[in-house]
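J.: Attaching a single structure in structure tokens format; questions to follow.
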Amino acid sequence: MLPYFPFGQQFNDKMGTLSLSENEPLVELDEHYITETTLKKQLLAVLPAYYYQSLPGFELAQWEVLEAILTNLSQSDPSRFSLRKEGSRWHWANNRLHEQTSFTFGDAGSLAMEPLNWMGRQVQEDLLLLAGPEASLVAGQLCFGNGWCLDEKIGLPFWQIHAPITPIVEPMIRAAQKLMERLPAGRPVWRLNWSVKVTDQLDMTSRHTPALEKLLTELAPGLTRDTIGENLYVRIERQTLTRLPRSGAILFGIHTYQNRLSDEISERPDAAERLANVFKTTPQAMLDYKGLTPFMPALLTYLARYKS
Ligand code: HEM
């Protein structure tokens with residue numbers, strides 16, 4: 001079952017941010033931890049400059065990402081993660097990956113790679129850094145992006161990053177822009193995003209878009225109310241936004257979760273009804289943007305079967 005299920009009475013056009021309280025983790029670990037961190041390392045080995053990029057001048061922010069995440073992990077799961085500090089010399093032990101790393105905080109030469117690139121390999125989240133008055137994307141490790149990639153967005157301000165989205169959600173993006181400008185340090189927030197896919201491939205960065213569109217075109221006409229549950233996946237992103245205290249940059253973390261539709265429906269009694277409520281009220285332009293239009297009639301027929 002998905003750990004989050006952002007489907008209620010209707011399509012929600014609000015940004016849906018909630019404050020992340022102190023006892024809620026900044027990054028989450030689940031049973032896919034080893035598989036997903038291994039997959040990240042494979043992708044980064046094959047195409048390092050596609051999955052990781054950084055602009056110069058944001059080194060402090062990168063170190064602050066380490067500070068935030070390593071502290072959070074070692075506090076929330078001390079049996080698996082430990083952080084020991086001897087002045088600026090830090091010793092990190094990751095007992096899940098059986099890795100130990102020592103480095104000097106702030107000293108680029110003390111890690112084998114840039115801090116953000118190193119950090120991203122220890123967590124399931126994609127990690128992005130935004131900075132400056134317009135919250136521009138200045139660095140990121142993005143392995144599991146849903147239909148986008150760093151090549152397309154690096155250096156762009158928040159507003160322009162969202163330019164391809166339908167104008168229907170323009171008020172939401174304007175509100176989010178304000179949030180990016182005003183988010184205080186020490187008061188992180190989180191939100192959820194959802195989509196429905198014909199595969200559970202985690203890496204949906206833009207280089208896969210042509211193949212994924214082809215797959216959708218091939219599969220969609222054959223999906224019936226009897227087969228659709230087995231063939232679709234609900235894909236959820238848990239997104240966190242954290243203002244870093246010294247640099248003033250924002251860390252954007254994205255944890256992607258997915259589950260086969262038929263499994264989610266058998267595991268969560270009201271899932272079908274909630275999904276139907278949202279899909280029926282999602283504006284057509286948004287269904288098109290999210291790639292749901294080709295299978296929506298079959299999907300609604302399938303969900304209607306489970307009506308209580
Ligand atoms: C409160 C903050 C945010 C809100 C409300 C928000 C909202 C949205 C919405 C509604 C979409 C359309 C996709 C969908 O609903 O499935 C979207 C897409 C996207 N968002 Fe955000 N977002 C936020 C933060 C960010 C941040 C910080 C980044 C930084 C990289 C980002 C990058 C993107 C990208 C790359 C897309 C895909 C755009 C495309 O189609 O090219 N978002 N966002």
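The values are calculated or read from the model by the stated rules, or taken from the named source; none is laboratory data. This structure is a prediction, so every number in the text was calculated from the model and none was measured. Glycine also receives a Cβ, built like all others from the backbone with ideal geometry; neighbour counts cover every protein chain displayed. Protein only, heavy atoms only, side chains kept; ligands, DNA and RNA dropped before computing areas. Shrake-Rupley method; radii C 1.70, N 1.55, O 1.52, S 1.80 Å.
J.: If you build the convex hull over the alpha carbons only and average its shadow over all orientations, what do you get for segment 149-308? Give it in nm² to one decimal.
T.: Hull-based average projected area comes out at 10.6 nm².
J.: What is the distance in Å between the Cα centroid of segment 140-178 and that of segment 50-87?
T.: Segment 140-178 and segment 50-87 have Cα centres spaced 24 Å from each other.
J.: Same structure, new question: Rounded to the nearest 10 Å², what accessible area does residue 59 have for a 1.4 Å probe in the complete protein model?
T.: Surface open to solvent at residue 59 totals about 100 Å².
J.: Mind putting a number on the dipole of segment 19-142 about its Cα centre? Charges go on the C-beta only, +1 for Lys and Arg and -1 for Asp and Glu, and I need it in Debye to the nearest 20.
T.: 460 debye
J.: Given contacts defined as C-alpha pairs under 8 Å and at least six residues apart, what's the relative contact order of the chain, whole-number percent?
T.: 24 percent
J.: Sticking with this one: Per 0.36 nm of contour for each residue apart, how much would the distance between residue 84 and residue 260 grow if the chain were fully extended, relative to their Cα-Cα spacing?
T.: The residue 84-residue 260 span can extend by a further 59.3 nm.
J.: Could you calculate the FRET efficiency of residue 246 with residue 22 from 1/(1 + (r/R0)^6), where r is the beta carbon distance between them and R0 is 25 Å, rounded to 0.05?
T.: 0.80
J.: Expressed in nm to one decimal, what extension gain is obtained for the pair residue 213 and residue 307 from 0.36 nm per residue of sequence separation less their Cα-Cα distance?
T.: Numbers: separation 94, 0.36 × 94 = 33.84 nm, distance 3.09 nm.
Between residue 213 and residue 307, full extension yields an extra 30.8 nm.
J.: Could you give the C-alpha radius of gyration of segment 29-78 expressed as a fraction of 2.2 N^0.38 Å, taking N as the number of residues it contains?
T.: 1.41
J.: Quick one: dipole size for segment 54-99, taken about the Cα centre, charges +1 on Lys/Arg Cβ and -1 on Asp/Glu Cβ, in debye to the nearest 20.
T.: Here the size comes out at about 200 debye.
J.: Here is a follow-up. Please report the accessible area of residue 102 (heavy atoms, 1.4 Å probe, ligands and nucleic acids excluded) in Å², nearest 10.
T.: Residue 102 has an accessible surface of roughly 50 Å² with all protein chains in place.
J.: Something else: Near residue 307, which lysines are there with a Cα under 28 Å away, not counting those fewer than 8 places off in the same chain?
T.: Qualifying lysines at Cα under 28 Å: 14, 197, 280, 290.
J.: Please compute the length gained on full extension between residue 60 and residue 35, using 0.36 nm multiplied by the number of residues separating them and subtracting their Cα-Cα distance.
T.: 6.0 nm
J.: Over all distinct Cα pairs, what is the inverse of the mean 1/r for the chain, reported as the Kirkwood hydrodynamic radius in Å?
T.: Radius from the Kirkwood sum: 20.5 Å.
J.: Which value, in debye to the nearest 20, gives the size of the charge dipole of the chain about its Cα centre, when Lys and Arg are +1 and Asp and Glu are -1 at the Cβ? Can you show the working numbers first?
T.: Numbers: 30 positive and 35 negative charges, 85 e Å.
Value, rounded to 20: 400 debye.
J.: Can you put 233, 51 in order of accessible area, largest first, using a 1.4 Å probe?
T.: Descending order: 233, 51.
J.: Still on this model: Apply the Karplus curve 6.51 cos²θ - 1.76 cosθ + 1.60, θ = phi - 60°, to the phi angles in segment 180-193 and return the couplings in whole Hz, x for Gly and Pro.
T.: 4, 6, 9, 3, x, 5, x, 10, x, 10, 9, 8, 10, 10
J.: Would you grab the residues whose amide H sits under 5 Å from the one on residue 136? Only those 5+ places off in sequence or on another chain, please, with H modelled 1.01 Å from N.
T.: Close amide H contacts, sequence-distant or interchain: 131, 158.
J.: May I pose another question? List the longest stretch of the chain that has no exposed loop site; here a site is one of the trypsin sites (Lys or Arg not before Pro) assigned by DSSP to anything other than H, G, I, E or B, with at most 12 other Cβ within 10 Å.
T.: 15-245
J.: If contacts are Cα pairs under 8 angstrom and at least 6 residues apart, what is the relative contact order of segment 152-308 in percent?
T.: 26 percent
J.: Points 7 angstrom from Cα along the Cβ direction at residue 97 and residue 168: gap in nanometres?
T.: According to this spin-label approximation, the distance is 3.9 nm.
J.: So, taking all protein chains as they sit and a 1.4 Å probe, how much accessible area belongs to residue 200, in Å² rounded to tens?
T.: Only protein atoms counted, so the area is about 80 Å².
J.: Label points 7 Å out from Cα along the Cβ direction at residue 15 and residue 268: separation in nm?
T.: Result for the modelled spin labels: 2.4 nm.
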